[in-house]
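The values are calculated or read from the model by the stated rules, or taken from the named source; none is laboratory data. From a predicted model like this one, the values you see are computed outputs, not experimental measurements. Ideal geometry is used to build each Cβ from the backbone, glycine not excepted, and the neighbour counts take in all protein chains shown. Accessible surface areas use protein heavy atoms only, side chains included; no ligands, DNA or RNA. Shrake-Rupley method; radii C 1.70, N 1.55, O 1.52, S 1.80 Å.
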Amino acid sequence: MAGAAPFARMNGIGNEIIVADMRGRADTVTPAAALVLDANPATKFDQIMAIHDPKTAGTDYYIAILNSDGTPAQACGNGTRCVVQALAAETGRKTFTFETLAGILSATEHADGQISVDMGTPRFGWQDIPLAEEFRDTRMIELQVGPIDAPVLHSPSAVSMGNPHAIFWVDRDVWSYELDRFGPMLENHPLFPERANITIAQVTGSDALAIRTWERGAGLTRACGSAACAAAVAAARTRRTGRSVDLTAPGGPLHVEWREDDHVVLTGAAEWEFSGTFDPATGAWQRDAESAA
């Protein structure tokens, strides 16, 4: 395949990821290629993590992130863990520093295979999330779904983890809400000028949450790392939990620690599925022989 680039299909607790090796190249993965890859059941994904040569001194690589609808994403914690696992297997290194649209972050693969990603610091100002109107306290903003006198969802916490998040707190099981129905409307609500990731969160223990997320540009996903971070931070801000939180997403467990230095660290697993090559311009791809089903 002329101009082909290597890729690995991976997942971070069910968050479907394509890690594309774009090192040593001047081109990028096009939105058109993303749409083609997402349309194929074998390569359908939540995010593409494209590894590029570094742009900034002191960093190892620049990571360009694309959602499944071809739009750019600022941050993806589960995808970053997949990148770390792939690079660690290739290089033998365990610690990396990446640059993304959301800023510079570091990540480490531990001896037990778990991977921690420093997702940076959360932002709470309404202009920084961003929101379309002023809210002095973003621990609870005015937004609801359903009848005024009996809303199904209401009063979410709003947080930026490099990308905008709204977390709706619920008392019932997170699966009892039609997130596939509410998600598209809330993602595109006028209150969110850059759209938003929408999470339903239930407190299940003193330092435990269950979450489901409708991801901006990707839809319902089995996990969203930045949403897990946003939910954990929002839980601590609203005194629902402490600053070290275990979360259960549909794809599996994650741990988030909001450290005293204000950095949010996400820890979880990553899994390799298969590898191949693809055309970053068109999305045409083929599976490596050793990965053939």
- [ ] Return the carbon/sulfur percentage of the accessible area of segment 10-60, one whole number, probe 1.4 Å, all protein chains in place.
- [x] 58 percent
TODO: Express in nm, to one decimal, how much length is gained between Ala284 and Ala111 on full extension, taking 0.36 nm for each residue of separation and deducting their alpha carbon distance.
DONE: 58.6 nm
Open item on the list: I'd like the carbon and sulfur percentage of the solvent accessible area for segment 93-225, probe radius 1.4 Å, heavy atoms only, ligands and nucleic acids excluded.
Closed with: 48 percent
Open item on the list: Let me make sure I get this right: for segment 145-293, a, b and c are the square roots of the gyration tensor eigenvalues over alpha carbons, sorted descending. Under 1.5 in a/c it's rounded, otherwise prolate if a/b > b/c, else oblate. Which is it?
Closed with: prolate
Open item on the list: Give me the extension gain from Arg239 to Arg172: residue separation times 0.36 nm, minus the current Cα-Cα distance, reported in nm with one decimal.
Closed with: 22.2 nm
Open item on the list: For the chain, take the longest principal axis of its alpha carbons; what is the angle in degrees between that and the long axis of helix 225-237, to the nearest 10 within 0 to 90?
Closed with: 30 degrees
Open item on the list: Taking 35 Å as R0, compute the FRET efficiency from the Cβ-Cβ separation of Thr30 and Thr121 and round it to 0.05.
Closed with: 0.65
Open item on the list: I need to check one value: relative contact order of the chain, counting alpha carbon pairs closer than 8 Å and at least 6 residues apart, in percent.
Closed with: 22 percent
- [ ] Count neighbours as other Cβ atoms within 10 Å of each site's Cβ, and list the GluC sites (Glu not before Pro) in segment 260-293 that are DSSP loop with at most 16 such neighbours.
- [x] Glu260
- [ ] For every helix of n ≥ 4 consecutive DSSP H residues, a contribution of -39,500 (n - 2.57) applies; sum these over the chain, divide by its total residues, and give [θ] at 222 nm rounded to the nearest 500 deg cm²/dmol.
- [x] -5000 deg cm²/dmol
Task: Rounded accessible area per residue of segment 99-208, 1.4 Å, Å² - done: 49 Å²
TODO: Pop a pseudo-label 7 angstrom from the Cα along the beta-carbon direction at both Asp128 and Leu101 and give the gap in nm to one decimal.
DONE: 1.9 nm
Open item on the list: Just to be sure I understand the model, the point goes 7 Å from the Cα along the line to the Cβ. What's the resulting Ala57 to Ala208 distance in nm?
Closed with: 4.9 nm
- [ ] Could you tell me what fraction of 2.2 N^0.38 Å the Cα radius of gyration of the chain comes to, as a two-decimal ratio?
- [x] 0.97
